[in-house]
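The values are calculated or read from the model by the stated rules, or taken from the named source; none is laboratory data. Just so it is clear, the model here is predicted, and its values are computed rather than measured. Glycine also receives a Cβ, built like all others from the backbone with ideal geometry; neighbour counts cover every protein chain displayed. Ligands, DNA and RNA are stripped out before the accessible areas are found, and what is left, the full protein with its side chains, is counted by its heavy atoms. Shrake-Rupley method; radii C 1.70, N 1.55, O 1.52, S 1.80 Å.
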Amino acid sequence: MPDRVHLTWTGDPAHSQAVTWRTSADVPSAWAEIAVAEDGPLFVSKARRVEAVTEVFESDLGPAAYHTAEFEELSPDTLYVYRVGADESFSEWRQFRTVADTPAPLEFLYVGDAQNDVFSLWSRLIREGYSTAPRADFIIHAGDLINRANRDAEWGEWFLAAGGSSAVCPAFPRRGTTSTRRMT
């Protein structure tokens, strides 16, 4: 099953979005599906498939496949649903909203170093942030996300602590000594 799902912008945030996720190394190719959100389940038949770029990465815990799909030609200020996966293994449908293409207020979360005790302590901060600003347009991480970038278990802890928020709100980590490795 796909895990460590992460949204970010890849160009004009009113018209594009990117999603990255991890699977076992046995998944040689994957894709995402996207549609405009609707009430009820009928959007599923309107979803379009977007092929992902796949890369196998060997971490200290072993190999895994990392996939990235870029959604393009999106409409501004529109609610979309998407899911990621391959064959019969897909994530649940998740939602995100593109930003407006005209001047409009933005709401965002700004957090500092998660870095240490991420699951036991940072989880409180990030979940409180999302309960205070549940419709945030994006999140800026202004410090190190984890303590040791080459420790895959720490990345797993970061995604677990985020509680799925990284899959519905684009995130931007600052580049530093421990956050330069891609977020998956």
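Miscellaneous remarks
- Normalising the average separation of contacting C-alpha pairs (under 8 angstrom, six or more residues apart) by the number of residues puts the relative contact order of the stretch 82-184 at 29 percent.
- The residues of the stretch 1-154 present an accessible area of 55 Å² per residue when probed at 1.4 Å with all protein chains retained.
- Paired Rg and Dmax values of the stretch 74-153, which use every Cα atom, in angstrom: 16.0, 41
- Report summary: the helix-based calculation at 222 nm, which adds -39500 (n - 2.57) for every DSSP H run with n ≥ 4 and divides by the residues of the chain, gives -3500 deg cm²/dmol.
- The average projected area of the stretch 43-112, computed from the convex hull of its Cα atoms over all directions, is 7.8 nm².
- When all protein chains stay in place and ligands, DNA and RNA are ignored, the 1.4 Å accessible-area order of Trp9, Trp155, Trp31, largest first, is Trp9, Trp31, Trp155.
- Across Trp122, Trp93, Trp158, mean-square fluctuation computed from a Gaussian network of the chain (C-alpha pairs under 10 Å connected) peaks at Trp93.
- Among the trypsin sites (Lys or Arg not before Pro) found in the stretch 83-184, those both in a DSSP coil and sparsely packed, with 11 or fewer other Cβ atoms within 10 Å of their Cβ, are Arg135, Arg175.
- Given R0 = 22 Å, the distance between the Cβ atoms of Ser89 and Glu38 translates into a calculated FRET efficiency of 0.35.
- Relative contact order (%) - criterion: Cα under 8 Å, at least six apart; region: the stretch 40-79: 32
- Sequence-distant contacts, meaning Cα pairs under 8 Å at least 6 residues apart, place the relative contact order of the chain at 24 percent.
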